Amino acid sequence: MSAARTMFDRIWDDHLIDTQPDGTSLIYVDRHLVHEVSSPQAFEALRLAGRTVRVPENTLAVADHNIPTLNRAAGIADPDSRLQVETLERNAAENGIDFFAGSDRRQGIVHVIGPEQGFTLPGATIVCGDSHTSTHGAFGAFAMGIGTSEIEHVLATQTLVQRKPKNMRVTVDGELPEGVGAKDIILAIIGEIGTGGATGHVIEYAGEAIRALSMEGRMTVCNMSIEAGARAGLIAPDEKTFAYLKDRPRAPKGDAWDTAVAAWRQLPSDPDAVFDREVHLDAAALPPVVTWGTSPEDVVSVAGSVPDPADLTDETQRRSKRQALDYMGLLPGQRVTDIELDRVFIGSCTNGRIEDLRLVARMVEGRRVHDRVSAMIVPGSGLVREQAEAEGLDRIFLDAGFEWREPGCSMCLAMNPDRLEPGERCASTSNRNFEGRQGFRGRTHLVSPAMAAAAAIAGHFVDVRGWS
Ligand SMILES: CC(C)[C@H](C(=O)O)[C@@H](O)C(=O)O
Ligand code: SF4
């Protein structure tokens, strides 16, 4: 066996309990995040089997998908949503699991609160019944989404049955132009390799442009790994990672902190480690991007136009992209900057963090949301909300005509009262633009927070490279 290992190999080896001759492996799970949508059947099955949660202190529960972002104190009107949230609360209490209720200032989107609490740590294996668990890989963790039966398995045993995914490296060299950010990087990667481009792989993001990103930006990149088909995404931990985590409630303290940091410094891939697949991108050449279709790979430069499916050689592709254009109500050749918006949504586990909100505030301060547009800003957690308010960002947003909400998944997906009406067109900082994702027949364009902010003011897409 070659001595050179990738960071993912190292984390895998550190957690491997057993491998069968057919490659099926059992790995230890360090951290388990739980939300209300994917966990009820798992707890129920556990109860029926007469089992208990193996390591409750390494499990953290929060309600985020179904929770309203207005008048939370009034409770949840929708009976199904209310039942799911109440069930999670009961399951957590019965099993001795920490639960952040809607009234708790630490409540928020599961992928925002994990890092905030220092529950997410480098070198760890982290799972959650949620595809965007890949977000936590920004800290150099192997973090992946799991299904309901796997949730039950992890609750009961703190282990998971897996086949080892392959290694892929995406290197983004160079410096990002002004106005181009982490969201543009990941959308450009998905545009380049497609939604199946990383299937069966764990992506390590590397290169100067990735190292230059803040932890927030790195989370944005890792968050969307799943949209490229990857099992997980990760980034080598460095001084920024350690600075972000230091003194967080769940992070190691005192001597244990020093020991942990010393171990985390050993995590990065060996220089001669071999990846099964390599992709390179030049950050300096990236424009701000917009999705035009109903898949995150349908990416176009803001300075470009809606592509013509007729140019595609593959018949199935041609048909599916035509259908996407039809659903989106767009015409081939239409200039992206001519696309007018009805709604703007700034938030989600992709772009609902403090750095995103600061950027938006800088851009919209002293300006007004366009008359045609209804725009809302939803912080990713209660702590993000508090921080934003302490900095006066909420005033800037409200003065500019944005709505300022309570934290949750909100309009990222139509599981709570925040949704698009049929035919409405939205610039959204979330991660999925599937048909109906933000509401029945709603039309979603995925963009960066900067692009969403500019679109809210102008009423149509604008090239933010010229924004001042
Ligand atoms: C509801 C949940 C299981 C789902 C996921 O797995 O990602 C959601 O968070 C999403 O973003 O589509
Ligand atoms: S914000 Fe969106 S992507 Fe993230 S967990 Fe919630 S629904 Fe899923």
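Please treat every number below as a calculation from the coordinates, not as lab data. These numbers come from a predicted model, not from an experiment. When we count neighbours, we look across all protein chains shown, and the Cβ atoms used for this are built from the backbone with ideal geometry, even at glycine.
What length, rounded to one decimal in nm, is gained on full extension from K246 through to L48, with 0.36 nm per residue of separation minus their alpha-carbon distance? Present the calculation step by step, with values, prior to reporting the outcome.
On the way: separation 198, 0.36 × 198 = 71.28 nm, distance 4.04 nm.
67.2 nm is the gain from fully extending K246 to L48.
Using the per-residue mean of other Cβ atoms lying within 10 Å as a proxy for protection, in what order, highest first, do the peptides 237-246, 133-142 fall?
Details: 237-246: 17.3, 133-142: 30.6.
Ranking the peptides 237-246, 133-142 by packing returns 133-142, 237-246.
Please work out, to two decimal places, the log10 of the ratio I(q)/I(0) at q = 0.14, 0.16, 0.26 Å⁻¹ from a Debye calculation in which every Cα of region 382-468 carries one identical scatterer.
These q points yield log10 I(q)/I(0) values of -0.56, -0.73, -1.31.
Which far-off residues, 5 or more places away or on another chain, put their amide H under 5 Å from the one on D130, with H placed in the peptide plane?
Amide H neighbours of D130, under 5 Å, 5+ apart: I146.
Please identify the trypsin sites (Lys or Arg not before Pro) of region 298-375 that satisfy two criteria: DSSP loop assignment and at most 13 other Cβ atoms within 10 Å. Which are they? Don't skip to the end; give the middle numbers.
Values: sites: R318, R319, K321, R322, R335, R343, R353, R358, R362, R367, R368, R372; in loops: R353, R367, R368, R372.
Those that pass, being in a loop and sparsely packed, are R368, R372.
Nearest 5 is fine: what % of DSSP beta bridges in the chain come out antiparallel, could you say? Intermediate values should be presented prior to the final figure.
On the way: 14 of 56 bridges.
Roughly 25 percent of the beta bridges in the chain run antiparallel, per DSSP.
Relative to 2.2 N^0.38 Å, what does the C-alpha radius of gyration of region 66-221 come to as a ratio? Two decimals please.
On the way: Rg = 18.1 Å, N = 156, 2.2 N^0.38 = 15.0 Å.
Here the answer is 1.21, to two decimals.
Please report Rg (one decimal) and Dmax (integer) in Å for the Cα set of the chain.
My reading of the Cα-based Rg and Dmax gives 21.4, 64 Å.
So what's the back-of-envelope 222 nm ellipticity for the chain, counting only DSSP H runs of four-plus at -39500 (n - 2.57) apiece and dividing by all residues, rounded to 500?
Values: 16 runs with 151 residues, N = 468.
Rounded to the nearest 500, it is -9500 deg cm²/dmol.
What lysines sit close enough to K240 to cross-link, taking a C-alpha to C-alpha distance under 30 Å and skipping anything fewer than 8 places away on the same chain?
K164, K166, K183, K253
Can you list the HN-Hα couplings for region 234-246, worked out from phi with the Karplus curve (6.51, -1.76, 1.60; θ = phi - 60°), rounded to whole Hz and with x for Gly and Pro?
Residue by residue, region 234-246 yields 8, 9, 4, x, 8, 4, 5, 4, 5, 4, 4, 7, 4 Hz.
Work through the residues other than M168 whose Cβ is under 11 Å from its Cβ and net out their charges, Lys, Arg +1 and Asp, Glu -1.
It works out to a net charge of +1.
Which value results when the Cα radius of gyration for region 19-70 is divided by 2.2 N^0.38 Å? It would help to have the intermediate numbers written out before the result.
Working: Rg = 14.9 Å, N = 52, 2.2 N^0.38 = 9.9 Å.
Normalised by 2.2 N^0.38 Å, the Cα Rg of region 19-70 equals 1.51.
With a ≥ b ≥ c the root eigenvalues of the C-alpha gyration tensor of region 1-136, is it rounded (a/c under 1.5), prolate (a/b larger than b/c) or oblate? Mind dumping the intermediate values first?
Working: a/c = 2.65, a/b = 1.76, b/c = 1.50.
Prolate, since a/c reaches 1.5 and a/b exceeds b/c.
Quickly work out the Q20-to-T199 label distance, labels modelled 7 Å from Cα along the C-beta direction, and quote it in nm with one decimal.
About 2.3 nm separates the two model spin labels.
If you average over every viewing direction, what projected area does the convex hull of the Cα atoms of region 289-466 give, in nm²? List each step's numbers first, then the result.
Values: hull surface 37.8 nm².
That works out to 9.4 nm².
Once you place label points 7 Å from the Cα toward the Cβ at A156 and A284, how far apart are they in nm?
Distance between label points: 5.6 nm.
Could you tell me the ratio Rg/Rh of region 147-250? Both radii from Cα atoms, Rh via Kirkwood. Intermediate values should be presented prior to the final figure.
Working: Rg = 15.6 Å, Rh = 15.2 Å.
Using Cα coordinates only, the ratio equals 1.03.
Report the antiparallel proportion of the DSSP beta bridges in region 289-466 as a percent, rounded to a multiple of 5. Walk me through the numbers on the way to the answer.
Working: 5 of 18 bridges.
Taking every DSSP beta bridge within region 289-466, about 30 percent pair in antiparallel fashion.
Distance from the Cα centre of region 74-151 to that of region 5-30, in angstrom?
Rounded to whole Å, the Cα centres lie 24 Å apart.
Mind checking the dipole of the chain: about its Cα centre, +1 per Lys or Arg Cβ, -1 per Asp or Glu Cβ, Debye to the nearest 20? Let's see the in-between values first.
Working: 48 positive and 66 negative charges, 78 e Å.
For the chain, the charge dipole is close to 380 debye.
Can you compute 3J(HN,Hα) from phi for each residue in region 146-154, using the Karplus curve 6.51 cos²θ - 1.76 cosθ + 1.60 with θ = phi - 60°, rounded to whole Hz and x for Gly and Pro?
Residue by residue, region 146-154 yields 10, x, 4, 5, 5, 4, 4, 4, 5 Hz.
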